[in-house]
Amino acid sequence: MKKKFDKKKFIAEVKDNVKTLYRKNLDEATQEQIFQAVSYAAKDTIIDNWLETQEQYEKQNPKIVYYMSMEFLMGRALGNNLINLCEYDEVKEALEEIGLDLNVIEDQEPDAALGNGGLGRLAACFLDSLATLGYDSYGCGIRYRYGMFKQKIENGYQIEVPDNWLKNGNPFELRRPEYAKEVKFGGHVHVEYDPKTKENKFIQRDYQSVRAVPYDIPIIGYGNGIVNTLRVWDAEAVSDFQLDSFNKGDYMKAVEEQNLARNIVEVLYPADEHYAGKELRLKQQYFFVSASVQAAIAKFKSRGGDIRKFYEKATFQLNDTHPTVAVAELMRILIDEEGLGWDEAWEVTTKTCAYTNHTIMAEALEKWPIELFSRLLPRVYQIVEEINRRFVEEIKAKYPGNQEKIRKMAIIYDGQVKMAHLAIAAGYSVNGVAALHTEILKNQELKDFYEMMPEKFNNKTNGITQRRFLLHGNPLLAKWVTEHIGDEWVTDLSKISKLKLFADDKKAQQEFMNIKYQNKVRLAKYIKEHNGIDVDPRSIFDVQVKRLHEYKRQLLNILHVMHLYNTIKDHPEMKFYPRTFIFGAKAAAGYRRAKQTIKLINTVADVINNDASIGGKLKVVFIEDYRVSNAEMIFAAADVSEQISTASKEASGTGNMKFMLNGAPTLGTMDGANVEIVQEVGEENAFIFGLSSDEVINYEKNGGYCPMDYFNNDQDIRRVLMQLINGEYSGNDSEMFRDLYNSLLNTQCSDKADTYFILADFKSYAEAQKKVEEAYRDEARWAKMAMLNVACSGKFTSDRTIQEYVDEIWKLDKVTL
Ligand SMILES: *Cc1c(COP(=O)(O)O)cnc(C)c1O
């Protein structure tokens with residue numbers, strides 16, 4: 001099945017591609033053009049496997065999971081595709097022969113930044129695991145013209161620059177106009193009585209429509225010949241200024257449909273963990289969901305199934321509430337187009353849809369005003385109304401006379417459509433993404449739903465793919481691991497536990513730390529090139545990279561850096577192990593406090609990095625434009641993994657797992673998947689601090705806590721807070737960080753100040769940081785700890801997560817070629 005790599009043929013193809021694409025010889029081509037040529041050469045193999053896979057799927061007719069997600073944070077494709085084709089080394093060698101460097105070529109590719117952060121990256125890891133494990137699956141999403149903005153730092157401030165990632169074309173995608181679908185918006189619903197069936201027919205009239213055109217992106221399974229599909233939808237106008245519609249006086253409608261098509265896929269909304277209530281966002285959701293549901297039904301019917309048994313061959317996993325309109329859209333198609341009765345349609349729908357919850361943050365829970373929802377999706381809204389009516393009847397039957405239950409659980413209430421409630425009412429499964437998160441859902445956030453339908457609730461702890469985040473991102477460590485325990489870990493990460501045997505081995509420890517050092521040199525070089533800052537690869541690389549959000553508490557980190565700087569200045573004689581604090585984070589464009597935190601980090605960095613008196617003991621670096629491609633390099637080089645969210649707020653985290661896999665112990669709170677990381681690696685191989693999630697939740701229930709007490713009673717805290725407003729870092733501008741200061745303190749104790757418990761956790765964070773330093777001084781102890789983190793990371797592969805989804809939720813059939 002797998003054809004042997006033919007070096008001569010590959011080189012000839014690359015040369016040929018340069019010629020046909022650019023009318024150039026190889027030595028005249030730019031590196032970007034060579035990237036395209038190499039990608040098209042790789043695509044040749046991929047297309048063969050893709051065809052063969054889809055042929056097998058047609059034959060075997062397995063159940064398909066449609067993973068519906070507003071975001072897929074794919075990163076770069078070329079390197080990963082070569083890795084999964086098991087041709088990376090061969091291609092690298094072939095290119096060397098003609099004087100080309102694969103690393104340089106890979107660097108030409110823009111990241112497909114079709115996601116914000118963790119939620120989108122999870123979807124990408126899941127697709128990798130689904131293909132590797134041999135399950136028929138589609139990623140369903142949107143082909144945004146502009147993905148996540150590019151972040152520039154100017155004068156310490158974040159500037160957002162459009163990310164025109166498709167500028168040079170995407171060599172791996174395939175446009176499939178033959179599978180285009182029509183998606184309708186607005187208008188009104190006309191009811192027509194059909195005397196033959198004695199039933200009402202619902203017909204949408206005077207609507208605007210767009211044509212959804214799919215682009216297929218190959219998802220390559222590791223070494224198994226399987227190629228699955230990420231299908232992202234583009235929008236085109238249905239009527240391309242046709243003369244006849246012009247003549248009919250439909251000129252305005254044609255223009256409007258053009259604009260709708262243009263706008264709908266234009267941008268990815270860059271708000272993470274925050275619901276914005278934008279009309280265009282709801283349009284985007286319905287657009288890709290409707291097209292995906294139509295495509296799923298068309299595929300099912302083409303394979304000759306009875307639509308009443310749709311759920312036997314298809315399941316929809318809703319990645320957060322964003323695609324929840326799939327519930328109503330499936331009902332609409334089953335009833336209006338397939339002619340099923342309500343109860344029949346409801347049975348199919350509730351056996352098809354499953355929902356993953358990603359957050360307990362109140363501001364992230366999607367709800368749409370009825371006015372907006374019903375105007376945009378009139379027929380879908382009728383269906384949601386009927387679902388709600390029946391659901392409220394169920395609540396009443398279960399809790400007679402209990403208005404409170406209806407208020408808390410109804411799908412439509414107070415003029416709003418609550419998407420999470422719809423997803424839970426219609427889903428056959430509701431899962432959280434880490435053990436602690438699922439418990440909080442069951443006992444706090446979704447308690448009423450859990451009590452009414454406990455059987456739906458389950459946990460699926462997130463995971464990451466070791467193919468991208470170790471095999472591709474950290475080739476030195478990957479090679480070393482394989483030399484010691486063989487290569488089974490690539491497709492079975494539980495095998496990585498064999499490394500435990502080497503944890504006390506002096507030679508292994510030295511080799512391991514040497515690889516970490518080389519990765520730090522690689523990152524130091526990147527920092528020198530991008531930031532102009534010299535960092536010492538022998539210093540501790542203490543890293544916090546993730547979206548910027550108050551609950552993730554980058555502010556706690558930088559306040560502690562300010563405290564360390566104070567300490568070093570006060571006690572120049574004190575022994576202090578050199579540290580490099582590395583940050584990387586994009587802030588949502590409209591999130592003022594987050595952007596101020598970026599400015600603070602850069603301002604503090606400027607002062608500290610340019611203070612010769614501290615002898616380079618402290619450095620602070622803010623890496624611009626954090627994204628998957630530079631993340632891979634950053635994880636490989638990290639000594640310390642900062643996972644310091646306010647306990648209870650981080651549903652799982654996946655960055656924490658990537659650090660662990662690359663041998664960086666966690667410095668963190670007992671939050672999200674940190675809890676399970678500590679369970680696996682042992683408390684002695686992590687640095688845990690801070691309030692527990694129960695303590696945080698208790699404070700919140702009792703009206704917050706009093707940060708002023710900490711301010712008054714702790715002079716270290718008082719000092720760094722005063723430095724926010726005394727111009728210490730801001731060239732005497734006492735107002736620059738006033739908002740941050742105010743966010744932490746309030747003269748009266750109130751639940752409005754320091755809602756993320758930064759002051760409450762400051763002391764124990766500082767103490768944990770001291771323990772990090774102590775541990776790092778003992779080289780053997782640190783090497784062992786770091787190695788054990790790698791060795792105990794087996795649970796956190798997305799292969800394990802996906803197998804659990806398959807076994808406990810989706811019940812898919814495994815396919816082999
Ligand atoms: C893994 C990843 C994330 C998620 O990080 P968390 O620390 O879990 O928030 C965000 N962005 C990128 C680029 C990632 O690779």
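The values are calculated or read from the model by the stated rules, or taken from the named source; none is laboratory data. All figures in this text were calculated on a predicted structure; none of them were measured in a lab. No Cβ is skipped: glycine too gets one built from the backbone with ideal geometry, and neighbour counts run over all protein chains shown. Surface areas here come from the heavy atoms of the whole protein model, side chains and all, with no ligands, DNA or RNA. Shrake-Rupley method; radii C 1.70, N 1.55, O 1.52, S 1.80 Å.
Estimate the FRET efficiency between D606 and D714 by the formula 1/(1 + (r/R0)^6), using the beta-carbon distance for r and 25 Å for R0, to the nearest 0.05.
E between D606 and D714, to the nearest 0.05, is 0.40.
Given H placed on each backbone N at 1.01 Å, which residues far from Y413 in sequence or on other chains put an amide H within less than 5 Å of it?
Correct list: K418.
Quick one: what are the phi-derived ³J(HN,Hα) couplings along the stretch 48-58, Karplus 6.51/-1.76/1.60 with θ = phi - 60°, whole Hz, x for glycine and proline?
Per-residue couplings from phi come out as 4, 5, 5, 4, 5, 4, 5, 4, 4, 4, 4 Hz.
Heavy atoms only, probe 1.4 angstrom, no DNA, RNA or ligands counted: give me K506, K4 ranked by accessible area, highest first. Provide the component values of the computation, followed by the final result.
Numbers: K506 125, K4 185 Å².
The most accessible residue leads, giving K4, K506.
Given all pairs of different Cα atoms, what value in angstroms does the Kirkwood hydrodynamic radius of the stretch 110-233 take?
Values: mean 1/r = 0.0555 Å⁻¹.
After inverting the pairwise mean of 1/r, the radius is 18.0 Å.
Could you please tell me the mean projected area of the C-alpha convex hull for the stretch 432-522, averaged over all directions and given in square nanometres to one decimal? Provide the component values of the computation, followed by the final result.
On the way: hull surface 33.8 nm².
That works out to 8.4 nm².
Using all alpha carbons of the stretch 369-450, what is the percent of pairwise distances in each 5 Å bin, ordered from the shortest bin to the longest?
3, 14, 23, 22, 17, 13, 7, 1
Could you sort 214-226, 330-342 so that the peptide with the highest average Cβ count within 10 Å comes first and the rest follow in order? Numbers along the way, then the final one.
Details: 214-226: 23.0, 330-342: 18.5.
Highest-to-lowest ranking by the protection proxy: 214-226, 330-342.
What are the ³J(HN,Hα) couplings of the stretch 226-237, residue after residue, when phi is run through the Karplus curve with 6.51, -1.76, 1.60 and θ = phi - 60°? Round to Hz, x for glycine and proline.
My calculation for the stretch 226-237 gives 7, 10, 8, 10, 9, 9, 10, 9, 9, 10, 10, 6 Hz in order.
Percent of Cα-Cα pairs per 10 Å bin, from 0 to the last occupied bin, for the stretch 771-817, please list those.
22, 27, 20, 17, 13, 1
From largest accessible area down, sort F202, F287; use a 1.4 Å probe on the protein chains. Don't jump to the answer; show the numbers that get you there.
Values: F202 70, F287 0 Å².
Sorted descending by solvent-accessible area, the residues read F202, F287.
Distance in nm between label sites at H530 and H188, each 7 Å beyond Cα in the beta-carbon direction?
Here the modelled spin labels are 5.5 nm apart.
How far is it, in nm, from the label point at D813 to the one at M453 when both lie 7 Å from their Cα along the line to the Cβ?
2.8 nm
Classify the stretch 606-713 as rounded, prolate or oblate, taking a ≥ b ≥ c as the square roots of the eigenvalues of its Cα gyration tensor: rounded when a/c is under 1.5, otherwise prolate if a/b is larger than b/c and oblate if not. Write out the running numbers ahead of the final one.
Values: a/c = 2.01, a/b = 1.21, b/c = 1.65.
Verdict is oblate for the stretch 606-713.
What list of ³J(HN,Hα) values in whole Hz, one per residue of the stretch 435-443 in order, does the Karplus curve 6.51 cos²θ - 1.76 cosθ + 1.60 (θ = phi - 60°) give from phi, with Gly and Pro shown as x?
Running phi through 6.51 cos²θ - 1.76 cosθ + 1.60 with θ = phi - 60° gives 4, 4, 4, 5, 5, 5, 4, 5, 9 Hz.
Using the Cα centre of the stretch 160-310 as the reference point, and only Cβ charges (+1 on K/R, -1 on D/E), how large is the resulting charge dipole? Debye, rounded to the nearest 20. Don't skip to the end; give the middle numbers.
Details: 22 positive and 22 negative charges, 154 e Å.
The calculated dipole for the stretch 160-310 is roughly 740 debye.
In the stretch 434-502, if the dipole is taken from +1 on Lys/Arg beta carbons and -1 on Asp/Glu beta carbons about the Cα centre, which of N462, L477, Q444 is farthest to the positive end?
Positive-most Cα among the choices belongs to L477.
Put +1 on the Cβ of each Lys and Arg and -1 on the Cβ of each Asp and Glu in the stretch 99-241; which of H188, Q108, V213 then has its Cα farthest toward the positive end of the dipole?
Towards the positive end, the residue furthest out is H188.
Could you compute how much accessible surface T755 exposes when probed at 1.4 Å, giving the result in Å² to the nearest 10?
Solvent-accessible area, nearest 10 Å²: 60 Å².
With the Cα gyration tensor of the chain giving a ≥ b ≥ c as the square roots of its eigenvalues, does the rule (a/c under 1.5 for rounded; else a/b larger than b/c for prolate; else oblate) give rounded, prolate or oblate? Display every interim value, and only then the final one.
Numbers: a/c = 1.68, a/b = 1.25, b/c = 1.34.
Note, shape of the chain comes out oblate.
What order, most packed first, do the peptides 626-637, 188-199 have when packing is the mean number of other Cβ atoms within 10 Å of each residue? Walk me through the numbers on the way to the answer.
Details: 626-637: 22.5, 188-199: 9.8.
Per-residue Cβ counts within 10 Å, averaged per peptide and sorted highest first, yield 626-637, 188-199.
Scan around I540 for amide H atoms under 5 Å from its own, H built in the peptide plane at 1.01 Å from N, and keep only partners 5 or more places away or cross-chain.
Under 5 Å from the amide H of I540: R579, T580.
Taking a virtual spin label 7 Å from the Cα of N514 along the C-beta vector, which residues in the stretch 778-792 bring their backbone nitrogen under 19 Å of it?
779-788
What order do you get for 519-525, 738-744, 782-788 when each peptide is scored by the mean count of other beta carbon atoms within 10 Å, highest first?
On the way: 519-525: 19.1, 738-744: 16.7, 782-788: 23.1.
Averaged packing, sorted descending, gives the order 782-788, 519-525, 738-744.
Remind me, relative contact order of the chain in percent, using alpha carbon pairs under 8 angstrom and six or more residues apart? Don't skip to the answer; put the middle values down first.
Working: 1520 pairs, mean separation 109.7, N = 817.
Relative contact order comes out at 13 percent.
Which of rounded, prolate, oblate describes the stretch 44-114, given a ≥ b ≥ c as roots of the alpha-carbon gyration tensor eigenvalues and a/c under 1.5 marking rounded, otherwise prolate only if a/b is larger than b/c? Intermediate values should be presented prior to the final figure.
On the way: a/c = 3.90, a/b = 1.52, b/c = 2.57.
Taking the square roots of the gyration eigenvalues as a ≥ b ≥ c, the stretch 44-114 is oblate.
Hey, what D do you get for the stretch 286-411 in µm²/s if you plug the Kirkwood alpha-carbon radius into Stokes-Einstein at 37 °C and 0.692 mPa s? Don't skip to the answer; put the middle values down first.
On the way: Rh = 15.8 Å.
Taking Rh from Cα pairs, D becomes 207 µm²/s.
With a cut-off of 8 Å between alpha carbons and a minimum separation of six or more residues, what is the relative contact order of the stretch 118-274 in percent? Before the final figure, lay out each step's value.
Values: 265 pairs, mean separation 41.5, N = 157.
For the stretch 118-274, the relative contact order is 26 percent.
How much FRET efficiency would the formula 1/(1 + (r/R0)^6) give for N263 and I203, where r is the Cβ-Cβ distance and R0 is 25 Å, rounded to 0.05?
Numbers: r = 26 Å, r/R0 = 1.05.
According to the calculation, E is roughly 0.40.
Under 5 Å between amide H atoms, partner at least 5 residues away or on a different chain: which partners does I219 have, H built in plane at 1.01 Å?
Result for I219 returns N228, T229, L230.
I'd like the accessible area for S734, computed on protein heavy atoms only with a 1.4 Å probe and all protein chains in place. Round to 10 Å², please.
About 40 Å², rounded to the nearest 10.
Across the stretch 122-171, how large is the tail of the calculated P(r) beyond 13 Å, expressed as a percent of all Cα pairs? Walk me through the numbers before you get to the answer.
Details: 868 of 1225 pairs.
Looking at the stretch 122-171, the distances longer than 13 Å represent 71 percent of pairs.
Roughly how many debye, to the nearest 20, is the charge dipole of the chain about its Cα centre, given +1 on each Lys and Arg Cβ, -1 on each Asp and Glu Cβ, and no other charges? Walk me through the numbers before you get to the answer.
Working: 106 positive and 121 negative charges, 104 e Å.
Around 500 debye, computed over the chain.
On a 1.4 Å probe surface of the protein chains, which of E808, E329 comes out largest in accessible area, and what is the full order?
Working: E808 110, E329 0 Å².
Greatest to least solvent exposure: E808, E329.
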